[in-house]
Amino acid sequence: MELEEPAPLQKLAGRITVYSLPGCLHCFRTKAFLAKMGLPFVEVNVKENPEIHQHIINLTARLTVPQIFFNNIHVGGNNDFMSLSPEELTNIIELVRNNPVPPDAPPIPQPVKAEEKEPLEELKSKRDEYADLILQFKESGVIGNHWSCLKMQQNSFTGKKLVSWLMEFKHLEKDAAVEMAKDLTARKFLSSLSGKGFENSDALYRLVEHESAASLNTGATAEYDTFSASKHSEAMRDITLQLFSEHISPDGKFVDYKSMTKNPIFEKYCELATQLQRLNIEHLSREEKLAFFINVYNALVIHGTIKQGPPKNMWQRYKFFNAVSYIIGGEVFSLQDIENGVLRGNRKGIAQISKPFSKGDPRLKIALKEAEPLIHFALNCGVQSCPPIKTYSAEEIDKQLKISAAAFLDSSDGCQVDVSKKEVRLNQIFKWYKVDFGGTDEQLLSWLLEHLGDSPKKAAFKKLLDNGEIKIATLPYDWSTNSVA
């Protein structure tokens, strides 16, 4: 896991430029290799510089990162860089050592003075007026275990007990106490075990934070009013990327998930995750649902890996994706629920014998009306080159998903075209979720042609399609983990 000590920095007349993203494994590997050789470089974060990124896309016809330039010479991505022969590598190093940056070299951002930088946008929210009340109720002794339908309901209480406690603790009349209990339910501090609204009866209720002991965002009260769901999920995803980048080996090959729990950033992340408990997601638009649930899914995968370790075999993977969950808006959502229930419009997933949400499931109203096939290239990226977008926004979600799909297909792990064999080799995602891409070979091939970026690969693929003879093969899927043992 350890690299050799970096060589002393060389003096270059020109410039090595690496266009990258935070948390990108292949970007780390490129930078580690350059550092090992003592080659100084300029790193450009494409997320922070969208105009420059678009220029690089236009210049290279490549959507993945990193993209590497030696002066005005485009080397390509990390795999291209590592594939250079010793002679080719020596030649391009000599180029930047002896030649200044030419006018047609790709752009880098202009330096900005500290006083000119705009302050980072903060997610502002105020503490809910009922937060202290809930914290006091948790200490009241009212919450306990109750039998219902031949099952012991942990951490539950009756409507009557809550009303009585409110009357005594808040000095309220009965009608006012009932109205307050209804308000607590509406604000998703409480949930009904029967699925009905609040009643002053023997019906059982539970604090939302106690809804599922297995969910990773329980154990604390969501004390703050929630803001935009989309902005909340973007913040969670950005924090996980920052956490990821601070615990990756210098060569970008391994991630130390265990040490992440000791990082103060992880505590901040957990605070954001807790607020999901009461987040209002019932009225999100299609675009907002896509951005929100993609970001939350990707963050939850990392959170689950931090807390439970990476799954190491098929059974552990099945258990991981069915058990790792968050409480969101008062309901439990596992990784499977998010992917197949919400984002795929309540379709069966791999090895599932039924749909994630039954007819009476309250989560069904959150599901997209139709499956969105592009989500398969945004969820938990694990391809050779990272898509250039790691966090998704509702405002640009469709454009961002198309870019991620094109980047995935541009990689050798996503799609390979072999003209000599009249064959296209595809990632197993297209086999597992074929129904999302039309369901037939013809519809799948048509979908691929539409979503491949302009490149020699697309031209070769179109040629095969025009000739009318094309075979579809499946690429091997790499399940290996990048976790430190």
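Details
- Spans of strands (runs of 3 or more DSSP E) in the range 137-254 with at least 1 residues in contact with a strand residue (DSSP E or B) (Cβ under 6 Å, 6 or more places away or on another chain) and under 30 Å from residue 37 (Cα atoms): none
- Qualifying residue in the range 318-328 (condition: surrounded by fewer than 19 Cβ atoms within 10 Å (Cβ to Cβ), over 22 Å from residue 188 (Cα atoms) and at pLDDT below 90): yes
- Of the residues making up the range 42-65, just one is under 28 Å from residue 10 (Cβ atoms), acidic (Asp, Glu) and modelled with pLDDT under 95, namely 48.
- Residue in the range 50-59 that is without any contact (Cβ under 8 Å) to a residue 60 or more places away in the chain, more than 26 Å from the chain's Cα centre (by Cα), surrounded by fewer than 18 Cβ atoms within 10 Å (Cβ to Cβ) and not assigned by TED's automatic domain parsing to the domain that holds residue 238 present: yes
- Residues (β-branched (Val, Ile, Thr) and more than 20 Å from residue 247 (Cβ to Cβ)) located in the range 4-33: 16, 17, 18
- Some residue of the range 463-471 being among the β-branched types (Val, Ile, Thr), not in a loop (DSSP other than H, G, I, E, B) and not assigned by TED's automatic domain parsing to the domain that holds residue 310: no
- Restricting the range 401-434 to residues that are in a strand (DSSP E or B) and in contact (Cβ under 8 Å) with a residue 40 or more places away in the chain, the residue that is farthest from residue 452 (Cα to Cα): 423
- Considering the range 250-286, the residues that are over 18 Å from the mean Cα position of the chain (by Cα), of a type in the set (Asp, Glu) and surrounded by 13 or more Cβ atoms within 10 Å (Cβ to Cβ) include one that is nearest to residue 236 (Cα to Cα), namely 256.
- Residue list for the range 428-450, restricted to those being under 22 Å from the mean Cα position of the chain (by Cα) and either crowded, with 19+ Cβ neighbours inside 10 Å or within 20 Å of residue 468 (Cβ to Cβ) (or both): 429, 430, 433, 436, 437
- Looking at 233, 245, 212, just one residue is of a type in the set (Ser, Thr, Tyr) and touching a Cys at 6+ places or on another chain (Cβ under 9 Å), and that residue is 245.
The values are calculated or read from the model by the stated rules, or taken from the named source; none is laboratory data. These figures come from a predicted structure and were not determined experimentally. FYI the Cβ positions are ideal-geometry reconstructions off the backbone, even for glycines, and counts take in every protein chain you see.
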